[in-house]
Structures are given as C-alpha cells and as structure tokens.
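A.B. asks: Take a look at the following structure, please.
The values are calculated or read from the model by the stated rules, or taken from the named source; none is laboratory data. What you see is a predicted model; the values in this text were computed from it and never measured. Ideal geometry is used to build each Cβ from the backbone, glycine not excepted, and the neighbour counts take in all protein chains shown.
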C-alpha cells in the first residue's frame, strides 16, 4: 500500500483491522465487504490469510473460511469486475514435507516443479487457494499469478531452539542464503507480477532472495554448510567475526527464484552477498540488514498477546 501510493496509484485497502492504509474494513470472506471494495479496481493483490503462527490459536475451519472461502469470494468478485490481473500471495510452506529430505540425503533444491506434500492445515488451504486461482484462469480467463513467498517477516522465529542458538539478525541473515527475502523485494515481485499477469495468464512462482548455491552444492550443504558459504561468499567470515555471529551448520533446502526473475522481469536487490557487503561498508547500520521500506513498515505481529513458549503457540496439526 505504501509503494502503490508512492507510485501514484489509487489503492483500496480491505482489512479486518483499522489502520492508516485500511480504506475498507471487513473480511475477504464477507461478500458485501468485498463488493464495496471492488468497484473501479483493475488489479487485485490478495495477501490476506491466516498464517502458520495461527495454527495453534485458530481452528481448521477458520483456515478454510479465510484461506479458501475468502479467496473464492475475491476471485468471484474479480471475475465479475473483469480485472486485468489477480495476484495471490502464497507461501513456500505449501511444499510441506517435501522441503526436508531424509537424514543423510542432500539438501532439497526447491523449484516450482517440486510436488507439494502438505503437513498442516496452513499448507493445505494455501495450496487449495492456488488451485482456485488456476481454475478461475481456466474457466473465466482471469489472469492469475501465484507468488510462493519465502520468509520475509521481521518477527522472531517460531522455533525456540533457533531463537536460543542465534541472535535474531544473525539467524535472518543466514536464511538469506536459502529461504528468506526482504520485504522491498517481495513488494517488487508483486508489482512486476501485476504487470506481467495479462501476458502470462497463470503461473506459480517462488519468490525469495537469489541463492549463491548451485545444485552441485546440495550434498555438502547438508553436511557442512559453513564450508560451502566460505567458498561462495568468503567475505562473510570477517563480517560475522566482528559481531560474534555463527553460520548454520546445515542447510536442508534451497529456494530457487530463477523462474520468477525470468518470467516476471523481477530483479531482487537483497541477497546474502549484497547484505554482507552492506554490513562491511557501513558499520553505522549495526545489525539491521533490512531495506528502508522494511524498516519503515516494522513488525506487526500475528497475535495481540505473547505466550508462555514465545511469540507463537505453534502446534503441529
């Protein structure tokens, strides 16, 4: 919403929560609220969802109501409106158990051709919503692109073991190697998708920072990730040493954004190597590796409360 305003677009913000960019208060599952928001709309950017951090606080039916029924409500309204593009913010979590190979196997090379194996209601409902997008393209000619975004949230990790083992900025920078992107690049991917959707029709795209690794690195990444990182981005050692940071010992999956860069004309700015250069060139940054847009937006959180075991009461269901 911030970037659209800067670019001079008149944007309608539909949200269940009031805020500086909410112009229409309501749920995507509410046909009346969606109908009020849709007149004059040319592009729908659908980012509303229940996330993985809600698995422990919301029922499976809640996930179906928001992630599937809500998406269907938006798609039906978009088809009636004859919008030129519908961009659905999905997640790499749809891959589920396909992301983690058995012990002793090489890291997984995750492209759009990998078959998802959902492991929770979040992944199931996001995958079902993707299929609805494909159906509306097939049956209604609606240009729909699905962006499977990797991690870009600023909140603390949902794994207490990782929170204990790494400083937050250290952990997030490690993830730029294989499973994270910056908010500014995520916004850029959505805007690029909105431009290319009419010519592409339908497609699913992984949106994540560009990895320095190749498929030849996968076996060693699982055994000894620091050795591979030293070879690919040797400058990281000095930057990490100054901060007392450590590299993750093993990497189990690598997200590949090549198709998104090719088809969408998307040029992400932030990756592990560029962020290491940024830290080395400007010590005044401290440990903050976020883009200006990400710093401006800040952390919104997923819940209005904290829990005994940390910020997210995530349960595997």
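A.B. asks: Just to be sure, is residue 192 at pLDDT 95 or above, in contact with a helix residue (DSSP H, G or I) (Cβ under 6 Å, 6 or more places away or on another chain) and either under 18 Å from residue 259 (Cα atoms) or assigned to a loop (DSSP other than H, G, I, E, B) (or both)?
C.D. replies: Criteria met by residue 192.
A.B. asks: Does residue 260 satisfy the criteria of being in contact with a strand residue (DSSP E or B) (Cβ under 8 Å, 6 or more places away or on another chain), at pLDDT 95 or above and either more than 11 Å from residue 177 (Cα to Cα) or buried (at least 17 other Cβ atoms within 10 Å of the Cβ) (or both)?
C.D. replies: yes
A.B. asks: Under the condition of being in contact with a helix residue (DSSP H, G or I) (Cβ under 6 Å, 6 or more places away or on another chain) and buried (at least 17 other Cβ atoms within 10 Å of the Cβ), which residue from region 230-248 is modelled with the lowest pLDDT?
C.D. replies: If we take residues in region 230-248 being in contact with a helix residue (DSSP H, G or I) (Cβ under 6 Å, 6 or more places away or on another chain) and buried (at least 17 other Cβ atoms within 10 Å of the Cβ), then 239 is modelled with the lowest pLDDT.
To keep it simple, each residue is scored yes or no on (1) free of Cβ contacts under 8 Å to residues at least 12 places away in the same chain; (2) buried (at least 18 other Cβ atoms within 10 Å of the Cβ); (3) over 30 Å from residue 96 (Cα atoms); (4) touching a strand residue (DSSP E or B) at 6+ places or on another chain (Cβ under 8 Å).
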{"position": "3", "(1), (2), (3), (4)": "no, no, yes, no"}
{"position": "9", "(1), (2), (3), (4)": "yes, no, yes, no"}
{"position": "18", "(1), (2), (3), (4)": "yes, no, yes, yes"}
{"position": "24", "(1), (2), (3), (4)": "no, no, yes, yes"}
{"position": "44", "(1), (2), (3), (4)": "no, yes, no, yes"}
{"position": "55", "(1), (2), (3), (4)": "no, yes, no, no"}
{"position": "59", "(1), (2), (3), (4)": "yes, no, no, no"}
{"position": "62", "(1), (2), (3), (4)": "no, no, no, no"}
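A.B. asks: Still on this structure, I have one more. So which residues in region 192-215 are farther than 25 Å from residue 135 by Cβ and surrounded by fewer than 20 Cβ atoms within 10 Å (Cβ to Cβ)?
C.D. replies: 212, 214, 215
A.B. asks: Taking only region 16-34 into account, find how many residues are outside any loop (DSSP other than H, G, I, E, B) and within 12 Å of residue 70 (Cβ to Cβ).
C.D. replies: Counting residues in region 16-34 that are outside any loop (DSSP other than H, G, I, E, B) and within 12 Å of residue 70 (Cβ to Cβ) gives 3.
A.B. asks: While we're on this one: I'd like the full set of residues that are farther than 25 Å from residue 300 by Cβ, outside any helix (DSSP H, G or I) and free of Cβ contacts under 8 Å to residues at least 40 places away in the same chain, limited to region 110-158.
C.D. replies: 113, 114, 115, 116, 117, 118, 141
A.B. asks: Condition first: in contact (Cβ under 8 Å) with a residue 24 or more places away in the chain and either more than 25 Å from the chain's Cα centre (by Cα) or surrounded by 19 or more Cβ atoms within 10 Å (Cβ to Cβ) (or both). Now tell me which residues in region 274-286 satisfy that.
C.D. replies: Residues satisfying the conditions are 275, 276, 279, 280.
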